[in-house]
Each structure stands twice: as structure tokens, then as C-alpha cells.
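One structure is given below, encoded as C-alpha cells.
The values are calculated or read from the model by the stated rules, or taken from the named source; none is laboratory data. Only a predicted model underlies this, so the values are computations on that prediction, with no experimental measurement involved. Cβ coordinates were reconstructed from backbone atoms using ideal geometry, including for glycine residues, and neighbour counts include every protein chain displayed. Just so you know, the surface numbers come from the protein's heavy atoms only, side chains and all, with ligands and any DNA or RNA stripped out. Shrake-Rupley method; radii C 1.70, N 1.55, O 1.52, S 1.80 Å.
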Amino acid sequence: MNVKIRKWKLSDASQLARVLSNKNILNNLRDGIPYPYTEKDGGAYIAAMLAADENDTFAFAITVDSHVVGSIGVFRQENIQKQTGELGYYLAEEYWGKGVMTQAVKQICAYVFDKSDIIRIYAEPFAKNAASCKVLEKAGFVLEGTLRKNVVKNGSVLDTRMYSLLRTDRES
């Protein structure tokens, strides 16, 4: 499998809609994403990512053999955290457990550290999402702790885990 991250294209909207119209994926993401997710929704998201400041928003399609199978992004934070970026991602269910996301996470982190002044990338998956936690660990992220009863998703109060990767982690 040839896994790559690349800039979004407006023509990716239908593939994005296919990936994201899946409750199993949405159950592991923040609220606010429409369901079913339409090609129009995908087009609006892609247009927003293409229009965003490239020094603040690092948003890419994840491709396997040139087909869009997911999304990954690092989003610069503000104020005193302006050199910190939050990592978010999702992947088509048929590619879960195949190492695709670990490769994508490594690629985007290398890109962000090489192309920006960001010194810390963090991710905050639901603690119950063992697969996402494992992806981060395999990509070199360090578990900083558990944020107890930190979010409400689908009516359940959940813990999240805080993971980070520092620019200096790559240098050691």
C-alpha cells in the first residue's frame, strides 16, 4: 500500500463524503459534523481548508494508491500556545488496523516540523479509542496523562488522553 498525504483538491469531495458518512467514524470525532455527510459538505470543508492560512492550518487528504481514504490536519493554536498545533484525523473503516494512519501521522508531523515554527503537536483522543491511542504511540507521541471526565459524546461523559510529540523528540 502506498500511503501519502497531499493537499486537498475540490474533486475529492465525493470520496470524502463516502469516507465520512459512517457512524463508526463519527463516534470517535468531535460533534458538529453532519450525518449523512454529503458531497456538498465535503466541498465546503475542502474549500475552507484550501482558503486557510497555510502557516496555521496544515490540512491534507490521506491517500492509499491515489484514492482518498481519510483526512489529517494540524491546527495552530493561539495566544501563548501559538507554537503548538492540535492533530486531528480520521480514516475509512476498511483501512483500520493496517498501519495507514500511523504512516500518515508520521508524514504530517515531519511536514509541520520542517515547514513551520511549531514546536509541539498534541492529540486528544477519547481514552476508550485504543486504536487511536496506539497510532499515536507508534508514531512516537508520548502519553502525558488522562483528562478525566473531560468530554460529553453521544450522551456519555468520557475521559480523553493527552499525547504530544515535540520537535526535539525527532532530534534525539
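How many nm separate the modelled label positions at Ser156 and Lys40, each set 7 Å beyond the Cα in the direction of the Cβ?
The modelled label-to-label distance comes out at 3.3 nm.
Would you please give the FRET efficiency between Glu54 and Ile119, computed as 1/(1 + (r/R0)^6) with r the Cβ-Cβ distance and R0 = 22 Å, to the nearest 0.05?
0.75
Could I get the Rg over Rh figure for region 59-172? Both from C-alpha atoms, Rh via Kirkwood, rounded to two places.
0.97
Give me the percent of accessible area attributable to carbon and sulfur for the chain, probe 1.4 angstrom.
Carbon with sulfur: 49 percent of the solvent-accessible area.
Using helices alone, what [θ] at 222 nm do you get for the chain, with -39,500 (n - 2.57) per DSSP H run of 4 or more residues, divided over all residues and rounded to the nearest 500?
For the chain, the value works out to -9000 deg cm²/dmol.
How would you rank 146-154, 7-15, 68-76, highest first, on the average number of other Cβ atoms within 10 Å across their residues?
Highest-to-lowest ranking by the protection proxy: 68-76, 7-15, 146-154.
Just from the alpha-carbon atoms, what are the Rg and Dmax of region 1-117 in angstroms?
Rg then Dmax for region 1-117, in Å: 13.8, 40.
Which order do peptides 97-105, 111-119, 56-64, 78-86 fall in by mean Cβ count within 10 Å, highest first?
Packing order, densest peptide first, comes out as 56-64, 97-105, 111-119, 78-86.
Taking a point 7 angstrom from the Cα of Lys128 along the C-beta vector, which residues in region 152-167 have backbone N less than 13 Å away?
Once the point is set 7 Å along Cα→Cβ of Lys128, 152-160 turn out to lie under 13 Å by backbone N, inside region 152-167.
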